[in-house]
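Undergrad: If you scroll down you'll find the structure; I have some questions about it.
The values are calculated or read from the model by the stated rules, or taken from the named source; none is laboratory data. Every value quoted in this text rests on a predicted model; they were computed, and no experiment measured them. For neighbour counting, all protein chains shown are included, and Cβ atoms are generated from backbone atoms with ideal geometry for every residue, glycine included.
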């Protein structure tokens, strides 16, 4: 497992680079332009644009109903936007999603997997859905990485929340995705399990150079993991930057205080121009 | 204390009243089964009152009809319930962020439906011999033609039902059972179509299953395989399968517009 100090130091270096990046600089994995979603007359996402750089960890942060899950759903192709463009790994997600879906994956504690199948059966199904070779070896390997080897023959429904989250992560990493999208990856986990999950995600990102995009309410998690934060409120991106830069701009001690400032309209960043 | 007890009971009644009120298929289902039973057994009674010697001409006509009807029923149920299983498991979102395409899902549902149907009807087909002295395999190659036509019709109905469940949510899950029984009284499973009122007969003849059950009686009573009936079933089946696939894909598209792939529940 990676140490806690090393990723933070690594993050700081990458944060400085990302903050100084021109928009069209290094390879962009996700490019979103003027993305809008209206449901039943409600504007869930209102004309947002952002990019996510290759090899970065980016967080979508915002209160309940800010539009994070709607945005992630559109990125995954589960939800069609009302307007706007999404380009992922060089392909238009509205017309060519099947070209890039094998190269990405997703994990969320709120999206289930068949509870009556064993962990091994679930992972075997998903390994086949992603068209992997040597399915048995891959299932064993990812189960070993996630420390769930001893659960492979147990029905998913009989596992604890922490074990289920590990299985969900194993499913999300089964195809070694270049882009991993996570919706509150450590929700419902106790502090020890949550810390373990963050460490695993960090080490996966460092080992493979994958790009991670996550939605989270846990500001400590975002500060620890992420190179860049997109702050959402009422369907729009109201601020963005590295955690350190946001904290400095709002003159606060940590990201949680920044979150509360934005949620309660108390102060504004010194240099964000939407 | 007694007041609180009634309040709790009332709360549960209210909970399920809200559920009923929010789901027209659930309300429809309440009225559906008595109506269905009345029509089916009413027509059976009418027929046997007029043709009491009919069964003596072909032993096993009713048993064979029951078995073939079960092929249609199980084929439909095998497809639609397999789809509903994914919703119960809240697994649809996971499936469709993988490279799985909706058309591949349809193909998989058809294969699983076939396997489930074989598992369902095979024991009954064999048990009919010791219990009733009916060997359904005496239908010969015609049985294969009947079986596959009924399978395809079951798939078509199952795809429409699955599409509607995707559109209206699990409140419509009873359609898995209800939809196929809608046609049972008019498709001539246990009696010829001519027993139906004149105005109802044209509706019977737009159902592929009607051609199959009439074809089955032609084999059992007259020892002939009626090719016109066979091609009638195949033709209508192709049309219905095309419509079923089209409705499923359209509802899948609408589910992506409305965000329902991640939000399926009661």
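Undergrad: Test of understanding: among B:244, B:259, which residue is more than 14 Å from every other protein chain (Cβ to nearest Cβ) and over 30 Å from residue B:52 (Cα atoms)?
TA: Numbers: B:259 fails: more than 14 Å from every other protein chain (Cβ to nearest Cβ).
Criteria check complete, one pass: B:244.
Undergrad: Take the conditions surrounded by fewer than 23 Cβ atoms within 10 Å (Cβ to Cβ), more than 9 Å from chain B (Cβ to nearest Cβ) and closer than 26 Å to residue A:78 by Cα and apply them to residue A:144. Does it pass?
TA: no
Undergrad: Out of the range A:82-100, which residues are at pLDDT 95 or above and either at the interface with chain B (Cβ under 9 Å from one of its Cβ atoms) or more than 18 Å from residue A:31 (Cα to Cα) (or both)?
TA: If the condition is that a residue be at pLDDT 95 or above and either at the interface with chain B (Cβ under 9 Å from one of its Cβ atoms) or more than 18 Å from residue A:31 (Cα to Cα) (or both), then A:82 is the only one that fits.
Undergrad: A follow-up question, please. Counting just the residues of the range A:257-274 that are at pLDDT below 85 and touching a strand residue (DSSP E or B) at 6+ places or on another chain (Cβ under 6 Å), which one comes out surrounded by the most Cβ atoms within 10 Å (Cβ to Cβ)?
TA: Looking at residues that are at pLDDT below 85 and touching a strand residue (DSSP E or B) at 6+ places or on another chain (Cβ under 6 Å), I get A:269.
Undergrad: May I pose another question? When the range A:64-81 is examined, which residues are found to be away from chain B (no Cβ under 14 Å) and buried (at least 16 other Cβ atoms within 10 Å of the Cβ)?
TA: A:66 - this is the single residue of the range A:64-81 that is away from chain B (no Cβ under 14 Å) and buried (at least 16 other Cβ atoms within 10 Å of the Cβ).
Undergrad: If you don't mind, another one. Only one of these is modelled with pLDDT under 95, under 18 Å from the mean Cα position of the chain (by Cα) and farther than 22 Å from residue A:194 by Cβ: A:65, A:13, A:25. Name it.
TA: A:65
Undergrad: Could you check the range A:167-200 and list, in sequence order, the residues that are at positive phi and touching a residue at least 60 places away in the same chain (Cβ under 8 Å)?
TA: Matches in the range A:167-200: A:184, A:188.
Undergrad: Right, something else. For the range A:36-43, indicate whether the set of residues that are at the interface with another protein chain (Cβ under 10 Å from one of its Cβ atoms), in contact (Cβ under 8 Å) with a residue 40 or more places away in the chain, outside any loop (DSSP other than H, G, I, E, B) and within 14 Å of the chain's Cα centre (by Cα) is non-empty.
TA: Checking the range A:36-43: not a single residue is at the interface with another protein chain (Cβ under 10 Å from one of its Cβ atoms), in contact (Cβ under 8 Å) with a residue 40 or more places away in the chain, outside any loop (DSSP other than H, G, I, E, B) and within 14 Å of the chain's Cα centre (by Cα).
Undergrad: Got at least one residue in the range B:45-64 being within 14 Å of another protein chain (Cβ to nearest Cβ) and touching a residue at least 24 places away in the same chain (Cβ under 8 Å)?
TA: No, that holds for no residue.
Undergrad: Of all residues being in a strand (DSSP E or B) and without any contact (Cβ under 8 Å) to a residue 12 or more places away in the chain in the range A:86-97, which is surrounded by the fewest Cβ atoms within 10 Å (Cβ to Cβ)? Just the residue, please. Quick ask: steps written out before the conclusion?
TA: Just the residues of the range A:86-97 that are in a strand (DSSP E or B), to begin with: A:86-88, A:91-92.
Restricting the remaining residues to those that are without any contact (Cβ under 8 Å) to a residue 12 or more places away in the chain gives A:91-92.
Working: A:91: 16, A:92: 13.
In this case the residue turns out to be A:92.
Undergrad: In the range B:97-121, how many are in a helix (DSSP H, G or I) and either at pLDDT 90 or above or over 22 Å from the mean Cα position of the chain (by Cα) (or both)?
TA: Residues meeting the conditions: 16.
Undergrad: Limited to the range B:236-265, what total is found for residues that are touching a residue at least 12 places away in the same chain (Cβ under 8 Å) and surrounded by fewer than 13 Cβ atoms within 10 Å (Cβ to Cβ)?
TA: 1
Undergrad: Hey, another quick one. Taking the range A:168-216, which residues are under 23 Å from residue A:65 (Cβ atoms), touching a strand residue (DSSP E or B) at 6+ places or on another chain (Cβ under 8 Å) and surrounded by fewer than 21 Cβ atoms within 10 Å (Cβ to Cβ)?
TA: A:184
Undergrad: Of all residues in the range A:98-120, which are in a loop (DSSP other than H, G, I, E, B) and surrounded by fewer than 17 Cβ atoms within 10 Å (Cβ to Cβ)? Outline the logic, then answer.
TA: First, pick out the residues of the range A:98-120 that are in a loop (DSSP other than H, G, I, E, B): A:108-117.
A:110, A:115, A:116, listed by residue number.
Undergrad: For residue A:55, work out the one condition from (1) outside any loop (DSSP other than H, G, I, E, B); (2) under 19 Å from residue A:210 (Cα atoms); (3) more than 13 Å from chain B (Cβ to nearest Cβ) it doesn't fulfil.
TA: It is condition (1) that residue A:55 fails.
Undergrad: To continue, here is another question. Among the residues of the range A:121-134 satisfying the criterion of being without any contact (Cβ under 8 Å) to a residue 24 or more places away in the chain, closer than 24 Å to residue A:211 by Cα and part of a helix (DSSP H, G or I), which is farthest from the other protein chains (Cβ to nearest Cβ)?
TA: Residues of the range A:121-134 without any contact (Cβ under 8 Å) to a residue 24 or more places away in the chain: A:121, A:124-125, A:128-129, A:133-134.
So of that shortlist, the ones also closer than 24 Å to residue A:211 by Cα come out as A:128-129, A:133.
With part of a helix (DSSP H, G or I) added as a condition, the list becomes A:128-129.
Numbers: A:128: 10, A:129: 4 Å.
Residue satisfying both the conditions and the ranking: A:128.
Undergrad: Only one of (1) within 9 Å of chain B (Cβ to nearest Cβ); (2) modelled with pLDDT of 95 or more is not met by residue A:111, so which one is it?
TA: (2)
Undergrad: Please verify whether the range B:115-128 includes one or more residues that are within 14 Å of chain A (Cβ to nearest Cβ) and surrounded by fewer than 21 Cβ atoms within 10 Å (Cβ to Cβ). If you could, list the steps in order and put the result at the bottom.
TA: Within the range B:115-128, the subset within 14 Å of chain A (Cβ to nearest Cβ) is none.
Among the residues of the range B:115-128, not one is within 14 Å of chain A (Cβ to nearest Cβ) and surrounded by fewer than 21 Cβ atoms within 10 Å (Cβ to Cβ), which makes the answer no.
Undergrad: Next up: For the range B:176-193, check the following and say yes or no: at least one residue is over 14 Å from the mean Cα position of the chain (by Cα), buried (at least 21 other Cβ atoms within 10 Å of the Cβ), at pLDDT 90 or above and farther than 26 Å from residue B:44 by Cα.
TA: There is no residue in the range B:176-193 that is over 14 Å from the mean Cα position of the chain (by Cα), buried (at least 21 other Cβ atoms within 10 Å of the Cβ), at pLDDT 90 or above and farther than 26 Å from residue B:44 by Cα.
Undergrad: Assess whether residue B:83 counts as being away from every other protein chain (no Cβ under 14 Å), closer than 16 Å to residue B:161 by Cβ, surrounded by 13 or more Cβ atoms within 10 Å (Cβ to Cβ) and at pLDDT 90 or above.
TA: no
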